[in-house]
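Contents: one structure, followed by commentary.
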Amino acid sequence: MADGTTIQRASFVALGDGVTLPWILEELKSRAERPAAPILLMSYLNPLLKFGLDALSREAASAGVAGFIVPDLPFEESAEFAGALEAQGLALIQMVTPVTPPDRLAMLCREAKGFVYAVTMTGTTGKSAEVPADVLDYMDRVKRCSTVPVCAGFGIRSREQVARFAGHVDGVVVGSALVEVLERGEDVRPFLQSLR
């Protein structure tokens with residue numbers, strides 16, 4: 001739906017290597033130490049439905065997951081999953097875009113748990129983009145509406161972009177650029193440190 005070529009390619013490789021949602025949860029459970037940063041899983045809805053929303057919420061909590069981002073689950077259809085997650089202390093992250101109407105933006109921000117994922121552009125992930133003033137204005141609107149942190153995502157891959165968002169959001173989501181570092185077999189730490 002919104003995956004750019006990098007995420008599509010990584011998904012294809014992962015599926016070919018036998019990666020499944022149950023495998024991911026087992027891998028997380030088997031870790032000797034849990035990371036200090038919250039773990040979020042991002043998925044389309046079908047694999048979550050196949051697993052079973054109540055069972056998934058219990059298993060995810062047991063694996064140390066803090067919440068889910070489900071791009072193809074509209075808020076109006078999310079009550080069942082949100083309730084199952086909330087019962088386990090987990091968050092269903094809401095996404096907003098530059099074209100989200102003001103009334104809907106206010107509602108999504110009001111109902112948000114964890115943080116609001118503010119998509120920086122329309123289109124697919126992975127495209128490197130300048131950060132124009134109108135995007136920063138949009139981030140400021142999201143921040144004014146939200147009672148939880150706001151994180152900007154889509155197309156973020158450089159220190160300059162991260163710096164441009166400073167003061168407008170609470171954090172950034174870096175996906176495709178991070179996957180590309182992993183695809184090259186490089187250590188992700190220098191890349192992540194380069195964004196600070």
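At a 1.4 Å probe, what is the % contribution of carbon and sulfur to the accessible area of segment 53-100? Don't skip to the end; give the middle numbers.
Working: 930 of 1970 Å².
Result for segment 53-100: 47 percent of the exposed heavy-atom area is carbon or sulfur.
Taking only the alpha carbons of segment 144-196, what extent do you get along each of the three principal axes, in Å, biggest first?
40, 16, 16
What residues have an amide H closer than 5 Å to that of Val116, excluding those fewer than 5 places away on the same chain, when H is modeled at 1.01 Å from N in the peptide plane?
Here Val150, Cys151 satisfy the definition.
Given a 1.4 Å probe and the protein chains all in place, what does the accessible area of Phe51 round to, in Å² to the nearest 10?
For Phe51, the solvent-accessible surface is approximately 60 Å².
Show me, for segment 34-48, the HN-Hα J-couplings you get by feeding each phi into the Karplus relation (A = 6.51, B = -1.76, C = 1.60, θ = phi - 60°), rounded to Hz, glycine and proline as x.
8, x, 5, 6, x, 9, 10, 9, 10, 7, 6, 6, 3, x, 6
Would you mind pulling out the separation of the Cα centroids of segment 21-81 and segment 158-196, in Å?
23 Å
Running a GNM on the chain with Cα contacts under 10 Å, which residue among Gly83, Gly153, Gly167 ends up with the highest mean-square fluctuation?
Between Gly83, Gly153, Gly167, it is Gly167 that shows the largest mean-square fluctuation.
Once you sort the root eigenvalues of the Cα gyration tensor of the chain as a ≥ b ≥ c, which label holds: rounded (a/c under 1.5), prolate (a/b larger than b/c) or oblate (the other case)?
oblate
Which whole-number percent is the relative contact order of the chain (Cα, under 8 Å, 6+ apart)? Please report the intermediate quantities before stating the final value.
Details: 279 pairs, mean separation 35.1, N = 196.
Averaging sequence separation for qualifying contacts and normalising by length gives 18 percent for the chain.
Springs between alpha-carbon pairs under 10 angstrom, Gaussian network model over the chain: which of Ala32, Ala87, Ala14 fluctuates most?
Ala32
How high is the relative contact order of segment 133-180? Use alpha-carbon pairs under 8 Å, at least six apart in sequence, and give a whole percent. Don't skip to the answer; put the middle values down first.
Working: 45 pairs, mean separation 19.5, N = 48.
Dividing the mean separation by the residue count of segment 133-180 yields 41 percent.
Using the heavy atoms of the protein chains and a 1.4 angstrom probe, tell me the accessible area per residue for the chain in square angstrom.
Numbers: 10880 Å² over 196 residues.
Accessible surface, normalised per residue, equals 56 Å².
The values are calculated or read from the model by the stated rules, or taken from the named source; none is laboratory data. On a predicted model such as this, the values are computed, not experimentally measured, just so you know. Remember, those area values only see protein heavy atoms, side chains included, never the ligands or the DNA or RNA. Shrake-Rupley method; radii C 1.70, N 1.55, O 1.52, S 1.80 Å.
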